Structures are given as structure tokens and as C-alpha cells.
Amino acid sequence: MSNAKERKHAKKMRNQPTNVTLSSGFVADRGVKHHNGGGKAFQAPRLDPFSGTAPPRQTKTTHYAPPEPDVSEQLSSRVMFKKKGGWRAGPEGTSQEIPKYITASTFAQARAAEISAMLKAVTQKSSNSLVFQTLPRHMRRRAMSHNVKRLPRRLQEMAQKEAEKAVHQKKEHSKNKCHKARRCHVNRMLEFNRRQKKNIWLETHIWHAKRFHVVRQWGYCLGERPTVKSHRACYRAMTNRCLLQDLSYYCCLELKGKEEEILKALSPMCSIDTGLTFAAVHCLSGKRQGSLTLYRAHRYPHGVLGPVTFIWRPERTPGDTSASRQLWIWLHPTLKQDILEEVKAACQCTEPVTPTPCVPDPLPTPSHGQSQPALPDEKIGKKRKRKDDGEDAKPVKKFFGDGTRDPHQPRSWISAATGIVISDLTMEMNRFRLIGPLSHSILTEALKAASVHMEGEDTEKTPHLWWIETCKNPDAVSLHRRQEAIFELLGGVTSPAEIPAGTVLGLTVGDPRINLPQKRSTALPNPEKCQVPELCEEGRCTCSWSCARWKPLSDHTDDPDNEEVRQLLLEGVPVECAHSFIWSHAVCESVTENKISDQDLNQKRSELLVPGSQLVLGPHESKIPILLIQQPGRVAGDDRRGWGSGWDVLLPKGWGMAFWIPFIYRGARAGGLKEARVHSQYKRSPYVPGDFPDCSAGVLFAEEQANDLLEKYKRRPPAKRPNYVKLGTLAPFCCPWEQLTRDWESRVQAREGSPGAFPPRGEGSDLRGDEVPCVPTPEKPRQAPDEADTPLQDARGPEGERDTECPAQAGAAGLPGQDATGSLLCVLRSRAALKQLSAWCGPSCGGRRAAQRAPGRGQRDLTPEACLPLLDRFPRALVWVSLSLLGKGSPEPRTMICVPAEEDFLQLGRDRLYCGPQEPKHSDPFKSKIRKQKEKKKVEKRQNHGPAGSEGLPVGGPAVGLPALTLGLWSGPLPDVTSHCSRALLGFVTQGDFSMAVGCGEALGFVSLTGLLDTLCRQPAAQRGLVLLRPPASPQYRFARIAIEL
């Protein structure tokens, strides 16, 4: 309390003049100097009881005075006084003594000086606060800030001066602006462009920023997940309704040139072994979208660049391959740089096209021929009045992304040898994805085909001259009518999964803001157009994805009244109907520049004679070319075929919010990056870039994720985080794929003495070869290794520990297929090999599922001889697998996939409810080292005698050069990852969670091809395909069934 009282007294005395010192407190010292009234210092006389010069009264008074205390008593009295809450007066903190006599004239002068100093302190402000803010809180009123007469009269004069001074300093603002508008930036669009210099905003960024958790990722500001709880709601939207996602951050590369030259340049970057290529017939015609995985030229199966989707512009004249073609390649932003450089090298496009300083517009418009009037040099904070100049008035329009690119950076490259032109169309188009069975209803209600221009209409003032010229061509009008008819037929299709995969439909639509409903509603399928009318009741379909919405095509084509719909489902969209004006850059620029602003549109609505009636703009209505692309959804596996299918909508830039809001008002639920990961997991497809470990973007993503998880782990105290060393988890934050495949290759070679050899297959084959005792806990072995494991341990003795960061070992040097980094790691994407592995993974007896996985025509049975060609071609390969838990449990990313032991199968056969074994506790060899480091650090800190010396210690450890040890994590190079635990490690999970579709835990991940074949050969035929899953922070293993789906 003493310190608080001292601070309170110091606050009160902050305005006290320096020449005035008050006396207070007890008598502490005698004979000290004091300040007299005039500020002069005088010496207080000592009182001597034996002096005769003092008056008798004073002598009498001083005769009974106590003796002078010693120094120790004075110090003790001061300490006790401070403890009791006293305050120290004077600069030295000592109290003063009252003088025995004063001079009247001197005393009056001193008091006059004090009074004048007090008045000066009262009249002058000592802080930045206003006059009314100096009043006590109970006397303050809100009106005092603008009405001086509400203050006390003694303060009104001072407040009036402050008000007059504030008027001159106040910035001149417009009176017709509210407070919120005055706080905004003068040019909001320029301010937004400045804020997105490092991370680009999408056109829907502000809408997402108010409703989503926004993250900065891949150079963009993207919505990760909604702020409300919507995990189950988004799954229901993908299953029964519609989920909307903004994929405008995807990059687009455009290739222009002759068809033969483009195919010749791109053919070395893809392989027909993995599926279709750029030369697929349906894709080459332009009626379908294709997808493939790109590789570096002539490097398959190594040198992966990443997955892409592509669209060819439809041919103008069928069969004419010599004409110039146009190809769009869509890819993830993390893959853009590598793919762009490789495509430029393959097409020999090294000469950059110099960008023009201004955006050209080949199409003539009434306002393009005139220059913009120069803005007057006015004050920035002042609002300029809009001048109504008639035709000369042209508002300045800017859009998101215009200020984020360097105008001097090239966007196009041309090849003098091949004539191919490569253009970067990133952020030049918007891409929205609608997922779910109600995608057709939302599209048909939100979008209406553009009205055809008639000759009698007035077109003098319309800026959309490109559409007027198009309507003059009868063939173009006929094509537009056909596209409109096909688009209307989509309302009679129950699910997007019934449309052929990758169907492309071009269309020109009107402004969707005109048909915007007043209230948000849900678009439902029309029972009259639906080809299964008995499934709908009162305009709402009562079926779910399991009964009718995701049924195959043969179950929905029995109605003779839907001949046109049946033809659409069987044959798809004709080639000519895939044409769209969005391929023309001139048309897109014209549509973007001549967009009617929301303000002008609302102004026209307010001028309607009947409020709420339909707004008709006639030829002034904007015409927007779009492209609809069907997304097939789930195509792998036998169950839930077509789940997650939908449509992608491509539209010119500047029209993002104009299409986004109508989709939301029709009942679409918005999703972010988290919903995209869930959608990919339920489709059982790899997610970019996390599920591409053989790609440079995937490796970089894994490193960043591992660093984030490590920082999060270190922020928690040791008692509140798991000890992964004792749990037997070597890499809890990353997946050492390179070391996993390398260890399995050495394991199999060491066991049999020859590469690629496998033991004979049989029902009673010994499984103990896969069982290795727990290395850190030899005192508690689960089982003894047999003779087959002895050569493995002897052969791997010198190289028992390896570093996961080392890309290659000395034994791998010079192997064929090795890439520039010295890594042989690759992911098996051969369709024939995956089909063979899928047949081998299932049990060979009993059940419908086993019959479906049985080897078909042209496939071989699982024998060691059948595995040798696969291992010779892919020595260190990973296989993409899906796992389904047999019982309870929810897998998570980085969960370990392990090989079951023989006793696990025996226990499971005796008890069907047996959940699985448990990993024994491991010892922590780093705990003693960490304890010694802490003790050494304490000793060094104690020797430095203070915080000044401890500041020079290194942060990572007590000694320079020693690695920083973290309690609970394995430090240094990792040992053999396959034999570190009691169950051999086979792979890792990359995606995993509880599946609401099947009601159990599901996971996706990668396993070693060598380990998978070795495990399948050693497992009994009836139990083939069973593995164990163990999370990083748990010792519990759980049974799961592995599957390879195509």
C-alpha cells in the first residue's frame, strides 16, 4: 500500500512549483536545511538546554525534550513509518521540522508566490485532455463536448478557446457524409489493391472475410472455414443440396498454335500408362474436360510436376487439324511455377511478349474513342460533385487484382520455331464450383439465357456491340437457341452425376442481378421436368443419395416422355454447343469494362413505377459469356458412385460477386478450404498438394506443415504434451517416405539374400518374419525374432541409423530413373499395375466383395514371380490406398499403417470384437541428456551472477554446436523406421477422419509397394488385406482393411 500512496501523492504534486517544498511527516532529522517562505534556505538552530540565550519559555519547553536519538533509531523509525503508509517529503526522502519563528514580510511573499503558482497550474493544462475531461466523472455530460454552456462557469472561457482552436485545426469534411463513410479511405479500391500486394484477394474476399476464417496461403487470402459450426451442414449440402466454392485462385495457362505442334510439345510430359492424355478424342474435340498428371519431359515415372485439368477450344470446322487451336490448362497455384517453366521449355517459348501499357479493346464502343476527362486538382478529402455530362460522362472502374500485377512483367511468351504462344491467365477469370444434386436447380433459376437482339430495337447507346454483331449471324443465333434448350433440359436431370463426366457447355447469359429474389430461398427441382416424378412430393424430392439421386444412368432412362433428356444423358452435349465467347479475350475485356455498377442498377430499380417488379434493360443489359464444366465427383470404388458431382462455372473477371450472390440467394451454402479437403477425402482422391509426396510442391507443403506442428508442440509444457519417444513414434509431424521405401527394399533383400525374392505363399505361412522386437525396450520383448530376421539385423548393422533429410545413400547412386535430387521415390500411377494390385489386396475366398476383386482376364495370381516385374520397374514406389476401420476408431493424419502379426490374427479369430494389440512402452534415451543440459545451463547462469551474463548464452542449448533437444521428440538421424516398433511399419495416413457417409473411420494414405507385396504374400488368403492403424499419440493398434480403388 505504501507504493500506491506514494504514486498517488506524486500524481497530486506533479504541478507543484519547484521553489515550494511542503513539510510533512514526523521529525526525523535535526539541524537540516529548510526552505523559508521566500525560497531561501536557512539553518535551523540546534536547541541546547544549557544555553542562556534562549527565552525562558523555550528553555522550559526544551528542558523536557527527550535526548537526541541515535542513527539506528532514526533509520528504524523511517522504516516503520514507510511500512505504515507514510510518504517521503523532499528530494532526499526526509521529513522537515516546523520552524520556531517566522518573519511576516518574508512569509507573505512566499505565500503570494505559492498562490500565483497554484493559479497558473489551474489555468494551464498539463495533459492533452480537454477541459471537460478534467472534471470528476459524476459531473461530466455528453453535451459538454459541443456545448460550452453545459460546463461550470469557471471553465467556460477556457473551453471556448479550445473550441475556437479546434475549428481552425479541424479537417474540412463533407457534411453529407456520415461518420462511418468519413473513416473509410478516399479511394477504397486503391487501398484494397495496396493491401493485396503480398497476398492477392479474390473478388469474393470481402464477403468471405465477414463470414469465414481467412488464411494467407499460396499467395492468396482464402477462406478456410466458416465462423459458424457447419461441418455437418456442409456435408449435408454436398449430399442432398448444394455447396458453393470459389476456386478463382486456380491458375490457367493458355497455349495457342497449331494442334500438331502443341501435341508434339506436350506428349513427352505425360504417359498413356497413367490414363488419357492431351490427345484423347473426346477432349481434343472440345466437348469434354480432361485430367492427367504432368511429368518432366521423358522422366516418367519420376519427375512429377502435379495434376492438371485441360480444355480444348472446340473446332470451328470438324476434322481441320491445321487450324490454330487454343488450350487451357488449369492447375493449383503451388504447381504453377514448375509447370510453366517446363511447358515453356517443351514448347521452346523463350521470347517474352512485351506487355502493352494500357489494355487494348479491339471492339469499338461509343466511349472508347474519347479520352477520359482530367480530374480537377481538388482536395483529396473533399467530395467532388458528379457532373452530368451526358455521353461524355464515364465512371472510372477498377476491379480486384488490377493493381497486384507488375505491368512490366511479361505474361505471354512466343516461340519462333513452333509458333506457340503461352499466356498466363491467372486472375483473368473466375471459377465457381457447385457440388450437390441441387446444382441444376440453382443454375437454371439463377442464370437465364441472354435475349436475342431484334433488328427493331434501338442500339445507338448500347455498349454491347459484340452481342449485336453476333445476333446478326443466323448460325450464331441458332447455336445460341440450341445451347439454351440444352441448359433448360438440365432442370429435368436429378443429379449432375448422370451427365457424362467432364461435359462442357457454353452459354451466354444475362445479368443475374436482375433476377435476384428479394429474400433468400432454396431452389428445388421442378417435378414437371424431373424424369422420375414419383420421387418428388409437393415440389421437394424426398429421396437421398442412396436411393435415386446417385443411381446409375440405366435406372433413370425408362420414362418415354423424356426422350430429349435421355439423349442428353447418353450422348452428352454436342460438340458445337461447347462453344463460348469466353475464349475471346476481346469479348471478355468488353464485358468487364461495360459492366453496370450496382449503384446504377439500384438507381434504375428505384425508378420503377411498381416497386419490386421486373427490371427490363433491353439492349443495355449486360451479356456475359460463361462455360459450364461437369465435375464427375467420386469415380473410384464400387459404392457411392457419383457422390460429390457438380458443375464448375467459368466467367470473366469483374463478375464474381454478380454471380456469387444469386447462387447464395438460391440456397447454396458457401464452403472453404476445409470443405474442399473433406470433399476430396470422401471422393477418395488425392488432395493437392499434400497428397503428392513425389512432387516438389508436396515436399515443400510437408515441410511447412511440420514446422507449424513443431512450433505448436513446443508451446505446450512437457506435462501437457505426448512423449512420442516413449510411444515409439519417430516422426510425428512428417512422413519419411524416402527412408520408408529404402528400408523396405533393404529389409526384403537382407531377408532372402536376393532382391525382389518373396517367401512361398500359403495358408500356414510363418508371419514372424515381419515381427521385429521393440528396439528401445529389450527388457520387455513381445516375441523373439526367428532365423529369417537374423541376416536382416546383421546386414543393416553398419547403417542402422539414417537421416531423413538425406535424399539418397551411396548404394543408390547411379541407378536408372534417378532424378536430379538423387531420389528414386515415385508414386505408382500405372493403371494396369494398380488394377493388378487391387485384385491382389482382397481376400481370395468368400463374399461378394472378394468375387469382385478376383483376378480377371489377363491378370495373374499373387505369386513371387508375378511381383518381380513390378518391383523391377518401380523399385521404390508408393501406392495410394484407402483404409476402412473394422471397428471403432477415428484415424488422423500421419497415422501409422502397420503389418499385423500372426498372434493378432489368432486373437481376432477367437474374438471378433478384438480391437487390436497395444504398443509396449519405449524408453527415452534423450531424457538424461536433456536433464544434463538443463543442469549445465543452471550452473553457467549461476556462475555469471546475474541476468547480464545469462543474456549471452545461446538459445538453442547451453553449448554452441550441440543440437537442441526437445523432450518427447527423437533427436538426430532416425533409426530403421520399419522395425522400430513391435509391428512393421508399412506406410502413413495423409487424410483421415470419421466418415459420415459410412458411419465408421476412413483414411487415405500411401504404403510402400515393396512392403505391400511382401505383406500380401505372407498373409493368409482369407485374411489378406488386413492392416493395423496406430495414431502418433496412442499405443493402441486397430484393425483396418486396405483397398486400392480405381
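Which of the GluC sites (Glu not before Pro) across segment 867-951 are loop residues per DSSP, with 15 or fewer other Cβ within 10 Å?
On the way: sites: Glu902, Glu903, Glu935, Glu940, Glu951; in loops: Glu951.
When the GluC sites (Glu not before Pro) of segment 867-951 are filtered for loop state and at most 15 Cβ neighbours within 10 Å, Glu951 remain.
How far apart, in nm, are the 7 Å Cα→Cβ label points at Gln1036 and Gln943?
Each label point is offset 7 Å from its Cα along the Cβ direction, giving 5.0 nm.
Fully extended, how many nm does the chain gain between Lys720 and Ser105 (0.36 nm per residue separation, minus their Cα-Cα distance)?
Details: separation 615, 0.36 × 615 = 221.40 nm, distance 7.65 nm.
Fully extending the segment from Lys720 to Ser105 adds 213.7 nm.
Work out how much length Lys264 to Ser478 would gain on full extension: take 0.36 nm times their residue separation and subtract the Cα-Cα distance, in nm to one decimal.
Once the chain is fully extended between Lys264 and Ser478, it gains 73.5 nm.
Once you've got the Cα coordinates, tell me which of Lys472/Lys604; Lys714/Lys927; Lys519/Lys595; Lys604/Lys653 are over 19 Å apart. Walk me through the intermediate numbers first.
On the way: Lys472/Lys604 29 Å; Lys714/Lys927 16 Å; Lys519/Lys595 24 Å; Lys604/Lys653 24 Å.
Table pairs above 19 Å Cα-Cα are Lys472/Lys604; Lys519/Lys595; Lys604/Lys653.
To the nearest 0.05, how large is the calculated FRET efficiency for Arg605 and Lys229 if R₀ is 45 Å and r is the Cβ-Cβ distance?
Step by step, r from the Cβ atoms, then E = 0.80.
Structure shown: which of Lys344/Lys448; Lys623/Lys683; Lys258/Lys683; Lys720/Lys932; Lys674/Lys929; Lys229/Lys712 lie over 30 Å apart, alpha-carbon to alpha-carbon? The partial results should precede the final answer.
Details: Lys344/Lys448 40 Å; Lys623/Lys683 36 Å; Lys258/Lys683 37 Å; Lys720/Lys932 22 Å; Lys674/Lys929 41 Å; Lys229/Lys712 24 Å.
Pairs exceeding the cut-off: Lys344/Lys448; Lys623/Lys683; Lys258/Lys683; Lys674/Lys929.
Hey, with R₀ at 60 Å, roughly what FRET efficiency would Glu488 and Glu703 work out to, going by the Cβ-Cβ distance, to 0.05? Can you show the working numbers first?
Details: r = 50 Å, r/R0 = 0.84.
Between Glu488 and Glu703 the formula returns 0.75.
Would you mind getting me the FRET efficiency between Thr123 and Lys198? Use the beta-carbon distance for r and R0 = 45 Å, nearest 0.05. Before the final figure, lay out each step's value.
Numbers: r = 52 Å, r/R0 = 1.16.
Efficiency for this residue pair is about 0.30.
For segment 479-509 and segment 631-660, what is the separation of their Cα centres, given in Å?
Taking the Cα centre of segment 631-660 as reference, the centre of segment 479-509 is 13 Å away.
Determine the gain in length on full extension of the stretch Lys519-Gln409; use 0.36 nm per residue of separation and subtract their C-alpha separation, reporting nm with one decimal. Write down the numbers at each step before the final one.
Details: separation 110, 0.36 × 110 = 39.60 nm, distance 4.49 nm.
Separation in residues times 0.36 nm, less the Cα-Cα distance, equals 35.1 nm.
Please work out how much accessible surface Cys915 shows to a 1.4 Å probe, ignoring ligands, DNA and RNA, in Å² rounded to 10.
Accessible surface of Cys915 is approximately 60 Å².
Within 10 Å of each candidate Cβ there may be at most 15 other Cβ atoms; applying that plus a DSSP loop requirement, which trypsin sites (Lys or Arg not before Pro) in segment 200-277 survive?
Details: sites: Lys210, Arg211, Arg216, Lys229, Arg232, Arg236, Arg241, Lys256, Lys258, Lys264; in loops: Lys210, Arg211, Lys229, Arg241.
Answer by residue number: Lys210, Arg211, Lys229.
With a cut-off of at most 15 other beta carbons within 10 Å, and DSSP calling the residue loop, which trypsin sites (Lys or Arg not before Pro) in segment 959-1046 qualify? Please list them. Walk me through the numbers before you get to the answer.
Numbers: sites: Arg983, Arg1018, Arg1024, Arg1038, Arg1041; in loops: Arg983, Arg1024.
Listed in order of number, the matching sites amount to none.
The values are calculated or read from the model by the stated rules, or taken from the named source; none is laboratory data. Worth saying up front: this structure is predicted, and the values here are computed from it rather than measured. Note that we place each Cβ from the backbone using ideal geometry, even for glycine, and neighbour counts take in every protein chain shown. Side chains are part of the model used for accessible areas, which takes the heavy atoms of the whole protein and leaves out ligands, DNA and RNA. Shrake-Rupley method; radii C 1.70, N 1.55, O 1.52, S 1.80 Å.
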